[in-house]
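The block underneath contains the structure these notes are about, expressed in structure tokens.
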Amino acid sequence: MNSLLNRLATWDNLLAALTVAFFTVAAIAVPIFANAFNLSQAAAGFSEKALLVLPMVLLIIAREIQFRGYTDERAVPLSRSEGMVMRYLQDHPAAPPSRIADATGLLRTNLSAVLRGLERKGLIERRASPGVTVRPTERGKSNYALVRQEWASAVSAAGGDTSHLDAALALLRAAEAGLTSARPQVPGRPATLM
């Protein structure tokens, strides 16, 4: 009995218990409250609100990871654009600059400056073989792995329930694929990240 009271004593569990009690009373007192139409409308509303919150939560997580920096002195810091290029090169290790620009959404003039910066850091190399291809160097590959491990450690240390991680990743990958495939050819007005 005491352990049940201790579990209910947390704020989350108290709110959950009150929510269940509210829905139970409403379902009994108002006959149409729990019909299929109303329940489907409520579920749709929850999903819509969650989709409104999702991008903001992702921005907050990215900002918190960026704020922490790297604990390993071997990690080479990258700008957002450099990070996008390195991420693309992990899956496409010998890509022409035009394909990198299209995949990352960078203008070709901006990409040229990003590639020069990555070359100076020793993370990529350009090779001429019929056309120019960009490849990550061994240092670039190891830096990418190191940075990803740092990010994973930061998120893991933050805690949380990981039982639905696969479903969350599937949703995020589907959103990424949908957004990148629907990217306009000409960038719109710059968005302000809150």
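Values for this structure:
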{"quantity": "Residue identified as among the hydrophobic types (A, V, I, L, M, F, W, C), surrounded by fewer than 12 Cβ atoms within 10 Å (Cβ to Cβ), under 22 Å from the mean Cα position of the chain (by Cα) and closer than 28 Å to F67 by Cα among A157, A175, A101", "calculated": "A157"}
{"quantity": "Filter result (out of contact with any strand residue (DSSP E or B) (no Cβ under 9 Å at 6 or more places or on another chain) and surrounded by 15 or more Cβ atoms within 10 Å (Cβ to Cβ)) within region 117-138", "calculated": "G117, K121"}
{"quantity": "Sole residue being closer than 20 Å to A177 by Cα, surrounded by 13 or more Cβ atoms within 10 Å (Cβ to Cβ) and modelled with pLDDT under 90, chosen from A62, A95", "calculated": "A62"}
{"quantity": "Qualifying residue in region 87-97 (condition: among the basic types (K, R) and more than 12 Å from G140 (Cβ to Cβ))", "calculated": "no"}
{"quantity": "Subset tally (residues that are at pLDDT 70 or above, over 30 Å from L172 (Cα atoms) and within 35 Å of the chain's Cα centre (by Cα)) for region 1-54", "calculated": "4"}
{"quantity": "Any pair with Cβ under 7 angstrom, 6 or more apart, that starts in region 178-191 at a residue that is of a type in the set (S, T, Y) and ends at one that is at pLDDT below 70", "calculated": "none"}
{"quantity": "Pairs where the first residue, in region 68-84, is more than 14 Å from A101 (Cα to Cα) and the second is basic (K, R), C-beta under 6 Å, 6+ apart", "calculated": "V76/K121"}
{"quantity": "Selection within region 94-109 - under 15 Å from V132 (Cα atoms) and among the hydroxyl-bearing types (S, T, Y)", "calculated": "S98"}
{"quantity": "For E125: the one exception among (1) farther than 25 Å from T180 by Cα; (2) touching a Leu at 6+ places or on another chain (Cβ under 6 Å)", "calculated": "(2)"}
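The values are calculated or read from the model by the stated rules, or taken from the named source; none is laboratory data. Since we're looking at a predicted model, the values are computed, not measured. Cβ sites come from the backbone with ideal geometry, for glycine too, and all protein chains shown count toward neighbours.
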